[in-house]
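Trainee: Supplied in structure tokens, the structure appears directly below.
The values are calculated or read from the model by the stated rules, or taken from the named source; none is laboratory data. Values in this document were obtained by computation on a predicted structure and should not be read as measured data. Cβ atoms come from the backbone with ideal geometry, glycine included; neighbour counts cover every protein chain shown. Ligands, DNA and RNA are stripped out before the accessible areas are found, and what is left, the full protein with its side chains, is counted by its heavy atoms. Shrake-Rupley method; radii C 1.70, N 1.55, O 1.52, S 1.80 Å.
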Amino acid sequence: MTVSPNQIRADFSAAMSEMYRKEVPAYGTLVEIVETVNADVLDRDDNALALTPGEDTNRISAERHGAIRLGTAEELAMMGRVFAVMGMEPVGYYDLSVASVPVHSTAFRPIGRDALAENPFRVFTSLLRLELIEDDALREKAAATLARRQIFTDGAVALTEKAEAEGGLDSADAERFVAEVLETFRWHPEACVDDATFAELIGAHRLIADVVSFKGPHINHLTPRTLDIDAAQAQMVAKGLPAKAIVEGPPRRDCPILLRQTAFKALNEAIRFPVDGGWEEGQHTARFGEIEQRGVALTPKGRALYDSLLAEVRADILPAADGSNAEDYVARLEEGFAAFPDTWRELHDRDLAYFKYGIGRGAATGEDVDALLDAGALTISPIIYEDFLPVSAAGIFQSNLGDEARSGNQTASSREAFEAALGKRVTDEFELYEAMRAASYTAALEQLNTSAA
């Protein structure tokens, strides 16, 4: 009997959470905050978030996204194969060079509605763009350092190959697979470069130093999902966590859209540099705690409106990394997004967001969606946004890397180059949301018309 990819993914997510809690104790505090806030929201009678009972609510306590940064095309290709064993495919392409972050990225995640409902664990996976290191000698030194490392254990590679050859893993192999792959994401304080090289890499970009200088792509944050990020942010501050001054993404709304994220600042962790056959103590700042609130996925029309409103706001004011203009930025954001509809029905009727359809108590037949909704024969609930926002991701990075990391001279990245490194096509997220909406509508109509016959 082979273990389902969904179960392997759930087991890996749980193992990752347990490991990260030990490595970053404040993560445990975040989880406790999120669990308390979510319980409060779910206890309310109104279900203002329009969550689908069971499908949307059962997954929340186990929901996590992780983030890693890879150094080479070979690492990315193998990581894609590893994630495929867990039922996770690359979705979306993100160019972070526009925010002076020298990576391009995708999100590995489950793509089917049932798989997402069972366990929606996702990993935002970035590939370093070495060409953005301007110093030729330093770029060659970084490339040579990355070429020497092997981020996967022999066991992880062998079990991945076995899963590919045999169409899955039995329970014993699946358990070993989780343990072996977990080693790739574990924090190793021993640097692969000396302190002088580390300083040079930081001078090029702090994120470059984080990718190049260590044995592997340690998980740099693991993010639980909250149903009220503003309440969670307030609790973070109350518990003394060094929270960001603003929540990244859209402003607070009655009907949440896309993704809102906040974080506490990166840890200052002890590392060791190799020197004369021994070790020299040092410090590194990269890993942090993050929480997120997920709203409804937007259609291309909705996303265009979101992007245009955000661009207008950010043309007027950019949030400072030190939080000094946080109140002004949030006020301008709320003002700008007043133009974005904030009821589920209007978001649906104006084709700004994606929804699932269910059967209501009203009686009606036919296929006119508006009439069926008006009659209460059909209901809508938001299709949760499963992906990411480049501006928000960059904002989280900048809060940890500092304003000095910003630069205006980085060249845009290439989706084609990223897919070539990965060895497969990156799925367009809009295609997935549209397919989910269409299948939901077809199924609801069939059920409605069958019951009316």
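Trainee: Tally the residues that are among the small types (G, A, S) and surrounded by 14 or more Cβ atoms within 10 Å (Cβ to Cβ), restricting the search to the range 38-60.
Mentor: 1
Trainee: Further question on the same structure: Look through the range 78-130, keep the residues that are β-branched (V, I, T) and open to solvent by less than 10 Å² (accessible area, probe 1.4 Å), and return whichever of them is nearest to R437 (Cα to Cα).
Mentor: Residue satisfying both the conditions and the ranking: V91.
Trainee: May I pose another question? With A232, A209, A243 as the choices, which residue is of a type outside the set (F, W, Y) and open to solvent by 20 Å² or more (accessible area, probe 1.4 Å)?
Mentor: Details: A232 fails: open to solvent by 20 Å² or more (accessible area, probe 1.4 Å); A209 fails: open to solvent by 20 Å² or more (accessible area, probe 1.4 Å).
Within the list A232, A209, A243, the selection yields A243.
Trainee: Then there is this: Which one is nearest to D230 (Cα to Cα) among residues in the range 6-37 that are open to solvent by 20 Å² or more (accessible area, probe 1.4 Å) and of a type in the set (K, R)?
Mentor: Among those residues, the one meeting the criterion is R21.
Trainee: Same structure, new question: Test of understanding: among L182, L159, which residue is of a type in the set (A, V, I, L, M, F, W, C), modelled with pLDDT of 95 or more, under 21 Å from the mean Cα position of the chain (by Cα) and open to solvent by 10 Å² or more (accessible area, probe 1.4 Å)? If you could, list the steps in order and put the result at the bottom.
Mentor: Details: L159 fails: under 21 Å from the mean Cα position of the chain (by Cα).
Among L182, L159, only L182 is of a type in the set (A, V, I, L, M, F, W, C), modelled with pLDDT of 95 or more, under 21 Å from the mean Cα position of the chain (by Cα) and open to solvent by 10 Å² or more (accessible area, probe 1.4 Å).
Trainee: Say we look at the range 322-334 and pick out the residues that are of a type outside the set (S, T, N, Q) and open to solvent by 40 Å² or more (accessible area, probe 1.4 Å); which of these is nearest to A243 (Cα to Cα)?
Mentor: For the range 322-334, the residue satisfying everything is D322.
Trainee: Got a number for residues in the range 320-353 being of a type in the set (A, V, I, L, M, F, W, C), closer than 18 Å to G302 by Cβ and without any contact (Cβ under 8 Å) to a residue 60 or more places away in the chain? Outline the logic, then answer.
Mentor: At the first step, the residues of the range 320-353 found to be of a type in the set (A, V, I, L, M, F, W, C) are 320-321, 326, 330-331, 333, 337-340, 344, 347, 352-353.
In the following step, the residues that additionally are closer than 18 Å to G302 by Cβ were identified as 333, 337-340, 344, 347, 352-353.
Imposing the further condition that a residue be without any contact (Cβ under 8 Å) to a residue 60 or more places away in the chain reduces the set to 338-339, 352.
Final tally of qualifying residues: 3.
Trainee: Can you tell me which of L116, L127, L132 is of a type in the set (A, V, I, L, M, F, W, C) and in contact with a Leu (Cβ under 7 Å, 6 or more places away or on another chain)?
Mentor: On the way: L116 fails: in contact with a Leu (Cβ under 7 Å, 6 or more places away or on another chain); L132 fails: in contact with a Leu (Cβ under 7 Å, 6 or more places away or on another chain).
Result: L127 is the single residue among L116, L127, L132 that is of a type in the set (A, V, I, L, M, F, W, C) and in contact with a Leu (Cβ under 7 Å, 6 or more places away or on another chain).
Trainee: Right, another one. Residue by residue through the range 63-77, note down the ones that are within 23 Å of D173 (Cβ to Cβ) and open to solvent by 20 Å² or more (accessible area, probe 1.4 Å).
Mentor: Across the range 63-77, the qualifying residue is only A77.
Trainee: Look at the range 336-345 and say how many of its residues are within 15 Å of Y306 (Cβ to Cβ) and open to solvent by 30 Å² or more (accessible area, probe 1.4 Å).
Mentor: 3
Trainee: Further question: Specify the residue that is modelled with the highest pLDDT; the eligible residues are those in the range 14-32 that are β-branched (V, I, T) and under 19 Å from the mean Cα position of the chain (by Cα).
Mentor: My answer is V31.
Trainee: Pairs needed: first member in the range 234-249, under 13 Å from A321 (Cα atoms) and part of a loop (DSSP other than H, G, I, E, B); second member anywhere, open to solvent by 20 Å² or more (accessible area, probe 1.4 Å) and aliphatic (A, V, I, L, M); C-beta distance under 7 Å; at least 6 residues apart or different chains.
Mentor: Between residues of the range 234-249 that are under 13 Å from A321 (Cα atoms) and part of a loop (DSSP other than H, G, I, E, B) and residues that are open to solvent by 20 Å² or more (accessible area, probe 1.4 Å) and aliphatic (A, V, I, L, M), the close pairs are I246/V330.
Trainee: Filter the range 349-375 down to the residues that are surrounded by fewer than 16 Cβ atoms within 10 Å (Cβ to Cβ), at pLDDT 95 or above, assigned to a loop (DSSP other than H, G, I, E, B) and at negative phi and list them by number.
Mentor: Selection gives R350 alone.
Trainee: OK, next. Can you find, within the range 252-293, the residue that is farthest from S61 (Cα to Cα) among those that are loosely packed, with under 14 Cβ neighbours inside 10 Å and of a type in the set (G, A, S)? Before the answer, list the steps.
Mentor: Of all residues in the range 252-293, those loosely packed, with under 14 Cβ neighbours inside 10 Å come to 254, 268, 270, 275-278, 280-281, 283.
Still in the list and also of a type in the set (G, A, S): 270, 277-278.
On the way: A270: 32, G277: 46, G278: 44 Å.
Once the filter is applied, the top-ranked residue is G277.
Trainee: Also, I was wondering about something else. If you go through the range 241-257, how many residues are at pLDDT 85 or above and at negative phi?
Mentor: Of the range 241-257, the ones at pLDDT 85 or above are 246-257.
With at negative phi added as a condition, the list becomes 246-248, 250-257.
So the answer is 11.
Trainee: So how many residues does the range 294-321 have that are open to solvent by 30 Å² or more (accessible area, probe 1.4 Å), out of contact with any Asp or Glu (no Cβ under 8 Å at 6 or more places or on another chain) and closer than 25 Å to P242 by Cα?
Mentor: Looking only at that region, the number is 2.
Trainee: Step by step: first the residues of the range 185-204, then only those that are touching a residue at least 60 places away in the same chain (Cβ under 8 Å) and assigned to a helix (DSSP H, G or I), then the one that is most open to solvent (accessible area, probe 1.4 Å). Which residue is that?
Mentor: Filtering the range 185-204 for residues that are touching a residue at least 60 places away in the same chain (Cβ under 8 Å) and assigned to a helix (DSSP H, G or I), the one most open to solvent (accessible area, probe 1.4 Å) comes out as E200.
Trainee: Still on this structure, I have one more. Does the range 213-225 include one or more residues that are in a loop (DSSP other than H, G, I, E, B), over 30 Å from A137 (Cβ atoms), open to solvent by 10 Å² or more (accessible area, probe 1.4 Å) and among the β-branched types (V, I, T)? Break it down into steps so the answer makes sense when it comes.
Mentor: Narrowing the range 213-225 to residues in a loop (DSSP other than H, G, I, E, B): 213-220.
Pick out the ones that are also over 30 Å from A137 (Cβ atoms) and you get 219.
Adding the requirement that they be open to solvent by 10 Å² or more (accessible area, probe 1.4 Å) leaves none.
Checking the range 213-225: not a single residue is in a loop (DSSP other than H, G, I, E, B), over 30 Å from A137 (Cβ atoms), open to solvent by 10 Å² or more (accessible area, probe 1.4 Å) and among the β-branched types (V, I, T).
Trainee: Continuing with the same structure: May I ask you to verify whether D40 is in a loop (DSSP other than H, G, I, E, B) and of a type in the set (D, E)? Walk me through how you get there before you give the answer.
Mentor: Values: in a loop (DSSP other than H, G, I, E, B): no; of a type in the set (D, E): yes.
Criteria not met by D40.
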